[in-house]
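Take a look at the structure set out below.
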Amino acid sequence: MVQAKTWILKQHFEGFPKDTDFELKLEQLSEPRDGEVLLEAVFLSVDPYMRPFSRVRMQAGDVMIGTQVARVIQSNNPSFPVGCHVVGRCGWRTHTVTDGSNITKILVDWPQDVSLSHALGAIGMPGLTALYGLEEVCAIKPGETLLVNAAAGAVGSVAGQIAKLKGCKVVGSAGSDDKVAYLKELGFDQAFNYKTVPSLEEALKNASPEGYDCYFENVGGPFSSVAIPLMKEFGRIAVCGGISLYNDTTPQTGPYPHLQMIFKQLKMEGFLVGRWQHKNDESLKRMLTWMQEGKLKCKEHVTAGFENMPAAFMGMLRGENIGKAIVKV
Ligand code: NDP
């Protein structure tokens, strides 16, 4: 009988998460029955969405939600033979028994020299988010100027690179000088540290005096209040995330964007990556090809040890990661 280690949400987060909100628990797993498989986690993802989703999708005492790359180590399901790797929505757990409904096989022609952890990053959910935000929501065109914040993270760094591949000018903001250097390495036209610039408005104006056609919004709050007035007429804003709001205990208020949106005839659309699930296979193959051709570069911030899941999660929320935050079991 296999024993799984799991991380429980002991109590709902109030403000920024803390160590005492999590508890490591052992769980005895039953033998996989007909149609079921036993998974062993290899890489786990820590993502910003876990913070707001914990409030709406979880009860205190639940295993933390999350995705992992896992190896099938026992199988009574011919679709998932022993040894194959899957991406599973299994939560923060080292072992899982599943009937296969919450797992997807890794792309069949996944190259040997590409770490499977990228299936949680650029060649996974965050990469798809970047792609769909640009193509489906912004409908970005060559020659346009894109603004992306949290730009050195999993989604932002891919969004900026894809926009460059499409012939756009890209401006990125991030929270450290190392991150800014990384954005320049990735080919961003302009990048700045939003924590140290004397004026965010001036930094955004200097980076693109003519304004922005598209804005890939990961941060929200005061950043967007400064950025929205700098959009060009008919600009499009893909509201992907609002990480500056996730730990608020009281909701932030205005300035409100209505007048800017009316006078500039802006389009602002929130989205969830799952909307275009039917395109995922084709999209992942496209991004894997870019990666293999050296057109899409993907850094990872890897934390070793399942025991360090909460630390990795909180570190990512604090901005410690360049690229995708991953935990290696
Ligand atoms: P990242 O890898 O970008 O990690 C989070 C980053 O957010 C940190 O590194 C930090 O970078 C930045 N950050 C944290 N707090 C603040 C703050 N108060 N103000 C500004 N920046 C902050 O995460 P992801 O790439 O996985 O996610 C990026 C965004 O995309 C998130 O908002 C997430 O919720 C959203 N998302 C939405 C999806 C959808 O379907 N709509 C799917 C996936 C992600 P820095 O040092 O630059 O501050």
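The values are calculated or read from the model by the stated rules, or taken from the named source; none is laboratory data. For clarity, every value in this text was computed on a predicted model and none was experimentally measured. All Cβ positions, even for glycine, are placed from backbone atoms using ideal geometry, and neighbour counts span all protein chains on display. Each accessible area value is taken on the protein alone, full model and side chains, heavy atoms only, with ligands, DNA and RNA left out. Shrake-Rupley method; radii C 1.70, N 1.55, O 1.52, S 1.80 Å.
Summary of values
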read-out: Whichever residue in region 271-283 is touching a residue at least 12 places away in the same chain (Cβ under 8 Å) and open to solvent by less than 50 Å² (accessible area, probe 1.4 Å) and, among such residues, is nearest to the ligand (Cβ to nearest atom); value: Val273
read-out: Glu210, sole failed condition from (1) assigned to a loop (DSSP other than H, G, I, E, B); (2) under 21 Å from the mean Cα position of the chain (by Cα); value: (2)
read-out: Test: residue in region 250-265 that is in contact with a Leu (Cβ under 8 Å, 6 or more places away or on another chain), open to solvent by 70 Å² or more (accessible area, probe 1.4 Å) and of a type in the set (A, V, I, L, M, F, W, C); value: no
read-out: Search result, residues across region 1-45 that are in contact with a Ser or Thr (Cβ under 7 Å, 6 or more places away or on another chain), open to solvent by 70 Å² or more (accessible area, probe 1.4 Å) and part of a strand (DSSP E or B); value: Lys5, Lys25
read-out: Cβ pairs under 9 Å, 6+ apart, first in region 237-253 and on the phi > 0 side of the Ramachandran plot, second near the ligand (Cβ under 8 Å from one of its atoms) and modelled with pLDDT of 95 or more; value: none
read-out: Unique match (being touching a residue at least 60 places away in the same chain (Cβ under 8 Å) and either farther than 16 Å from Leu317 by Cα or not hydroxyl-bearing (Ser, Thr, Tyr) (or both)) among Gly153, Gly143; value: Gly153
read-out: Selection status of Phe313, within 21 Å of Arg89 (Cα to Cα), among the aromatic types (Phe, Trp, Tyr), within 16 Å of the ligand (Cβ to nearest atom) and surrounded by fewer than 17 Cβ atoms within 10 Å (Cβ to Cβ); value: no
read-out: Flag for Arg55 being within 23 Å of Ala150 (Cβ to Cβ) and of a type in the set (D, E, K, R); value: yes
read-out: Residue match in region 260-271 (condition: within 25 Å of Arg318 (Cα to Cα) and modelled with pLDDT of 95 or more); value: yes
read-out: Qualifying residue in region 82-90 (condition: in a strand (DSSP E or B) and within 16 Å of the ligand (Cβ to nearest atom)); value: yes
